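Novice: What follows is a single structure, and I will ask about it in a moment.
The values are calculated or read from the model by the stated rules, or taken from the named source; none is laboratory data. This one's a predicted model, so the numbers in the text were calculated from it and none came from an experiment. Every residue, glycine as well, gets a Cβ built from its backbone with ideal geometry; the counts of neighbours run over all protein chains shown. Just the protein is used for accessible areas: all its heavy atoms, side chains included, with ligands, DNA and RNA removed. Shrake-Rupley method; radii C 1.70, N 1.55, O 1.52, S 1.80 Å.
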2 protein chains.
Amino acid sequence: MPETGTTLYVCTTCKREGDDPEGPRAGARLHAELVRQAGQRAEGLRVEPVECLSVCKRPCTVAVASPGRWTYVYGDLDPEAAATTILDGLMAYDGTPDGIVPWRERPKEFRTGVIARIPPFPPLSPLPEAAQ
Amino acid sequence: MPETGTTLYVCTTCKREGDDPEGPRAGARLHAELVRQAGQRAEGLRVEPVECLSVCKRPCTVAVASPGRWTYVYGDLDPEAAATTILDGLMAYDGTPDGIVPWRERPKEFRTGVIARIPPFPPLSPLPEAAQ
């Protein structure tokens, strides 16, 4: 995966039923697995732990942002199984100019787990003041 | 409201029960009211219509982004009544360095309607490659 400035934010506060109270939370386990797998197959990706993405009702949760691309937030992700799927989805995302992957090419977990999307920021078009 | 580069995205596709099938959708009505009120009291704010923020289960929906600040997504907003509250919330947001308004100072609709938040993007810290 080339260096494209894409950042994957992973909520490490997310809890899931059955988490060992003595062990790391589900979100922290997902973050660790994403760091491990990204090191093998997505070296250009920045993986950042975040204390809370405010999607507490649908753990585990990640967000992906990239210059000039839409930001996406996903939830309902399995801490043990989702890392491979997330990186697959990010490869497809990074292969688009705007971050919008055709619906059928998105991993199932991204289709059902989308929480929100936000247009590219800063806006690609100049602010009205800057255009004058 | 000063020019701070803050952008308010408003989903104009959001529908609400009771929408007149011949008239503008709830999201489009909310957008129009936000543009009207922003012109009176928040001239530095950029209000952008968006076709879909992918929060279709919790209309109406907006997102706010600003350079160096967290991005927030809000839902469950009333198309007729929420514009004033949203602008109040954005004034508080714009008054912070990072976009994180103390919990008690947030409008009730922002406390109950938060859908997600995303860290400041691009990241404030340099990428590892750039630091070398």
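Novice: With the requirement that a residue be touching a Ser or Thr at 6+ places or on another chain (Cβ under 7 Å) and among the small types (Gly, Ala, Ser), what does region B:1-26 give you?
Specialist: Answer for region B:1-26, where residues must be touching a Ser or Thr at 6+ places or on another chain (Cβ under 7 Å) and among the small types (Gly, Ala, Ser): just B:5.
Novice: Follow-up question, since we're still on this one. Within region B:1-37, work out how many residues are modelled with pLDDT under 95 and among the aliphatic types (A, V, I, L, M).
Specialist: 1
Novice: For a quick check of your reading of the model, give me the residue pairs whose first member lies in region A:42-59 and is at pLDDT below 95, whose second is charged (D, E, K, R) and open to solvent by 30 Å² or more (accessible area, probe 1.4 Å), with beta-carbon atoms closer than 7 Å and at least 6 apart or on different chains.
Specialist: A:44/A:3
Novice: Quick test of your reading of the structure: residue B:77 fulfils all but one of (1) in a helix (DSSP H, G or I); (2) open to solvent by less than 10 Å² (accessible area, probe 1.4 Å); (3) more than 13 Å from every other protein chain (Cβ to nearest Cβ). Name the failing condition by number.
Specialist: (1)
Novice: Name every residue in region B:1-23 that is open to solvent by 40 Å² or more (accessible area, probe 1.4 Å) and of a type in the set (Gly, Ala, Ser), in order of residue number.
Specialist: The answer is B:18, and nothing else.
Novice: Right, next: Out of all the residues in region B:64-109, which are in contact with a Leu (Cβ under 6 Å, 6 or more places away or on another chain) and closer than 14 Å to residue A:54 by Cβ?
Specialist: Our first condition is that a residue be in contact with a Leu (Cβ under 6 Å, 6 or more places away or on another chain); within region B:64-109, this holds for B:64, B:79, B:83.
Residue satisfying the conditions is B:64 alone.
Novice: List, please: which pairs have Cβ atoms under 6 Å, are six or more places apart or on different chains, and start with a residue in region A:101-115 that is part of a loop (DSSP other than H, G, I, E, B) and end with one that is among the aliphatic types (A, V, I, L, M)?
Specialist: A:101/A:92
For (1) under 20 Å from residue A:114 (Cβ atoms); (2) β-branched (Val, Ile, Thr); (3) more than 12 Å from every other protein chain (Cβ to nearest Cβ), each residue gets a yes or a no:
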{"residue": "B:45", "(1), (2), (3)": "no, no, no"}
{"residue": "B:66", "(1), (2), (3)": "no, no, no"}
{"residue": "B:72", "(1), (2), (3)": "yes, no, no"}
{"residue": "B:93", "(1), (2), (3)": "no, no, yes"}
{"residue": "B:98", "(1), (2), (3)": "no, no, yes"}
{"residue": "B:104", "(1), (2), (3)": "no, no, yes"}
{"residue": "B:107", "(1), (2), (3)": "no, no, yes"}
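Novice: Regarding region B:52-61, can at least one residue be identified that is within 14 Å of another protein chain (Cβ to nearest Cβ), outside any loop (DSSP other than H, G, I, E, B) and either surrounded by fewer than 15 Cβ atoms within 10 Å (Cβ to Cβ) or not hydrophobic (A, V, I, L, M, F, W, C) (or both)? Step through it out loud before you land on a result.
Specialist: Our first condition is that a residue be within 14 Å of another protein chain (Cβ to nearest Cβ); within region B:52-61, this holds for B:52-61.
Subsequent filtering for residues that are outside any loop (DSSP other than H, G, I, E, B) retains none.
No; the residues of region B:52-61 include none that is within 14 Å of another protein chain (Cβ to nearest Cβ), outside any loop (DSSP other than H, G, I, E, B) and either surrounded by fewer than 15 Cβ atoms within 10 Å (Cβ to Cβ) or not hydrophobic (A, V, I, L, M, F, W, C) (or both).
Novice: In region A:6-29, which residue that is out of contact with any Lys or Arg (no Cβ under 8 Å at 6 or more places or on another chain) and within 18 Å of residue A:91 (Cβ to Cβ) is farthest from the other protein chains (Cβ to nearest Cβ)?
Specialist: Result: A:10.
Novice: So residue B:96 ticks every box in (1) touching a residue at least 12 places away in the same chain (Cβ under 8 Å); (2) assigned to a helix (DSSP H, G or I); (3) farther than 19 Å from residue B:12 by Cα; (4) out of contact with any strand residue (DSSP E or B) (no Cβ under 8 Å at 6 or more places or on another chain) but one. Which box is left unticked?
Specialist: With (1) touching a residue at least 12 places away in the same chain (Cβ under 8 Å); (2) assigned to a helix (DSSP H, G or I); (3) farther than 19 Å from residue B:12 by Cα; (4) out of contact with any strand residue (DSSP E or B) (no Cβ under 8 Å at 6 or more places or on another chain) applied to residue B:96, the lone miss is (2).
Novice: Where residues in region A:24-43 are assigned to a loop (DSSP other than H, G, I, E, B) and over 16 Å from residue A:9 (Cβ atoms), which of them is most open to solvent (accessible area, probe 1.4 Å)?
Specialist: Of region A:24-43, the ones assigned to a loop (DSSP other than H, G, I, E, B) are A:24-25, A:42-43.
Cutting the leftovers down to over 16 Å from residue A:9 (Cβ atoms) gives us A:24, A:43.
Values: A:24: 81, A:43: 141 Å².
Filtering first and then ranking leaves A:43.
Novice: From the list A:85, A:96, pick out the single residue that is surrounded by fewer than 22 Cβ atoms within 10 Å (Cβ to Cβ) and touching a Pro at 6+ places or on another chain (Cβ under 6 Å).
Specialist: On the way: A:96 fails: touching a Pro at 6+ places or on another chain (Cβ under 6 Å).
Result of the check over A:85, A:96: A:85.
Novice: Another question about this same structure. For residue A:106, which of the numbered conditions (1) within 22 Å of residue A:18 (Cα to Cα); (2) modelled with pLDDT of 95 or more fails to hold?
Specialist: Going through the list (1) within 22 Å of residue A:18 (Cα to Cα); (2) modelled with pLDDT of 95 or more, residue A:106 breaks only (1).
Novice: Could you tell me which numbered condition residue B:68 fails, if it satisfies all but one of (1) at pLDDT 95 or above; (2) open to solvent by less than 60 Å² (accessible area, probe 1.4 Å)?
Specialist: The failed condition is (1).
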